[in-house]
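Read the figures in this text as sums done on the coordinates, not as results from a lab. Keep in mind that what you see is a predicted model, and the values were worked out from it rather than measured. Please note: Cβ atoms are built from the backbone with ideal geometry, for glycine as well, and neighbour counts cover all protein chains shown.
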Amino acid sequence: MRPLRVAVLDEELPYPPTSGKRIRTYNLLARLADRHRVTVLCHRNPDPEEAADADRAFRRLGVETVIVDRAIPRKSGPGFYARLAGNLLSPLPYSVATHTSPALVAAARDFAAANRVDLWHCEWTPYAQVLRDAIGPKLAATRWAVMAHNVESVIWRRTADAEPNPVKRWYVRRQWEKFDRFERWAYAAATTPIAVSPDDARFIRTGFGVRRVAVVPNGVDTGYFRPQTDVDRDPARVLFLGSLDWRPNLDAVRLLLDDIFPQVRRQVPNATLALVGRHPPDWLRQRAAATPGVELSADVPDVRPFLATCGMLAVPLRIAGGSRLKILEALAAGTPVVSTTVGAEGLALTPGRDYVRADGPADLADAIARGVCRPDELQDTAEAGRRVVLARYDWGPLADRLDRVWRRTARASTAALA
């Protein structure tokens, strides 16, 4: 089969792979780069050193890049709140409007004019708007896919439900409504929407009335993440792992610090909590430093030592979508998982066998405390979960699945696009 000319629209080069989205994007593109001619059109990574490393990494893969500069709007201060207020007048959600930069739209338009593209691939739902602005009326006859790392409207709805401040809740609900409209358009207009779990695909079908939804699950490098038998686990060491600049993770961390971990310490006084993730805000650094038993490790180059030495991974998420790569990484490494239903949704894992499920602060605290006191029972669930991960979630077969989706989308008939 001949290689496809694939143009990928994304926020930035996903390197180093230090967040769930970056991990997924990098691992799939790395495995498809030798099968197709792939060009990534994106914004320059904000950190100059990171940008240089990312450029070298993608050159090694043989992936072409078209990179544009943009001024990243600050997420604090009077200007930020002015932009939030101004977005009330826009039909687009704030994150869609801020990611649709004129420079990237122009780069995509120029690329489309100069190249025969078999398939456009929007690597995050907001970038469907970039393609829409770049292609214009020709979009209806263009073969393109959109990757739904999350169903964003679900996250905004859950955020609104969890927000105690009535003013913030009102604003978040406006964003939820905008994302609902935007995703309804994006999934219906795309030749192929791609979900990361059967649950998300089912929601896209039933919630937005879209029939053709592909599923390419999140995965894990099972050769990289594996049990380390030369180190000992500390049963009393609880690990939270995830990007600390993502709202659902920060909500979960607050829940841990405010409610869950204090209850755990009352039952198990020697319990400790390790928070590991990229870009923690200042308030979290200060809070961790001031809280007994809590340590924060920011922007670590390798999370495997933390997975190898902790007693369990805690996933107290109540706001989320898609599926959690950190659960797959933990189980691949033989690390037990205690998670909410929301935290583990989208994964083919059986609660009670492959991980411990608990919902609500009190139940989560009890489950964590039991795991500290009965580490052998908890380890049994990790071993069962690892078998599932090895059988279903290795990146190699998942890249093969995305390859088939790309080829099927690229050869879609004109009638299918109408």
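Brief remarks on what is shown
- Two-decimal log10 I(q)/I(0) for the chain, as the Debye equation yields it once each C-alpha is a single scatterer, q = 0.06, 0.09, 0.11 Å⁻¹: -0.24, -0.56, -0.85
- The helix-only estimate of mean residue ellipticity at 222 nm for the chain, built from DSSP H runs of length n ≥ 4 each weighted as -39500 (n - 2.57), is -15000 deg cm²/dmol after division by the residue total.
- Percent of Cα-Cα distances greater than 25 Å, calculated over the range 1-114: 31 percent
- The range 234-392 - charge dipole about Cα centre, Lys and Arg +1 at Cβ, Asp and Glu -1, debye rounded to 20: 100 debye
- Taking the DSSP bridge list for the chain and keeping only pairs wholly inside it, about 0 percent are antiparallel.
- Counted by neighbouring Cβ atoms within 10 Å, the residues ASP118, ASP359 run from fewest to most as ASP359, ASP118.
- Angle between the chain longest axis and helix 20-32 axis [Cα atoms, degrees, rounded to 10]: 50 degrees
- Cα gyration tensor shape of the range 332-390, rounded if a/c is under 1.5, else prolate or oblate by comparing a/b with b/c: oblate
- Spatially proximal aspartates and glutamates relative to LYS21 (Cα-Cα < 12 Å; intrachain offsets below 8 disregarded): ASP10, GLU11, GLU12, GLU123
- A simple rule links phi to the HN-Hα coupling: the Karplus curve 6.51 cos²θ - 1.76 cosθ + 1.60 with θ = phi - 60°, which for the range 389-401 gives 4, 4, 7, 10, 10, 6, 4, x, x, 5, 5, 4, 5 Hz, with x for Gly and Pro.
- Here the peptides 235-244, 69-78 are ranked by packing, the mean other Cβ count within 10 Å, and the order with the highest first is 235-244, 69-78.
- Electrostatic tally near GLU152: other residues with Cβ closer than 13 Å to its Cβ, Lys and Arg +1, Asp and Glu -1, net +3.
- With contacts taken as Cα pairs under 8 Å and at least 6 residues apart, the range 234-392 reaches a relative contact order of 26 percent.
- For the range 234-392, the normalised intensity computed at q = 0.11, 0.20 Å⁻¹ comes to -0.36, -1.35 (log10 of I(q)/I(0), Debye sum over alpha carbons, equal scatterers, no solvent).
- Under 12 Å, Cβ to Cβ, from LEU255 - net charge with Lys/Arg +1 and Asp/Glu -1: -2
- Dipole magnitude (debye, nearest 20) for the chain, charges at Cβ of Lys, Arg, Asp, Glu: 1480 debye
- With the highest mean first, a sort of the peptides 386-394, 307-315, 163-171 on other beta-carbon atoms found within 10 angstrom per residue produces 307-315, 386-394, 163-171.
- Amide H contacts under 5 Å for HIS121, placed H, 5+ residues apart: ALA7, VAL8, LEU9, ALA145
- Cα shape, the range 173-233, gyration tensor, a/c 1.5 rule: prolate
- Label sites at THR350 and ALA52, each approximated as a point 7 angstrom past Cα along Cα to Cβ, lie 5.2 nm apart.
- Peptides 29-36, 330-337, 277-284 ranked from most to least packed by the mean count of surrounding Cβ atoms within 10 Å: 330-337, 29-36, 277-284.
- Note on the range 1-90: dipole from Cβ charges, positive end direction compared against SER76, ALA52, ALA30; the farthest Cα belongs to ALA30.
- ARG386 sits among other residues whose Cβ lies under 13 Å from its own Cβ, and their net charge, with Lys and Arg +1 and Asp and Glu -1, is -1.
- Applying both filters, DSSP loop and at most 13 other Cβ atoms within 10 Å, to the trypsin sites (Lys or Arg not before Pro) of the range 309-374 gives ARG353.
- About its Cα centre, the dipole of the range 133-208 is roughly 160 debye, where the only charges are +1 on Lys and Arg Cβ and -1 on Asp and Glu Cβ.
- Over the chain, Cα pairs under 8 Å with separation of 6+ residues give a relative contact order of 16 percent.
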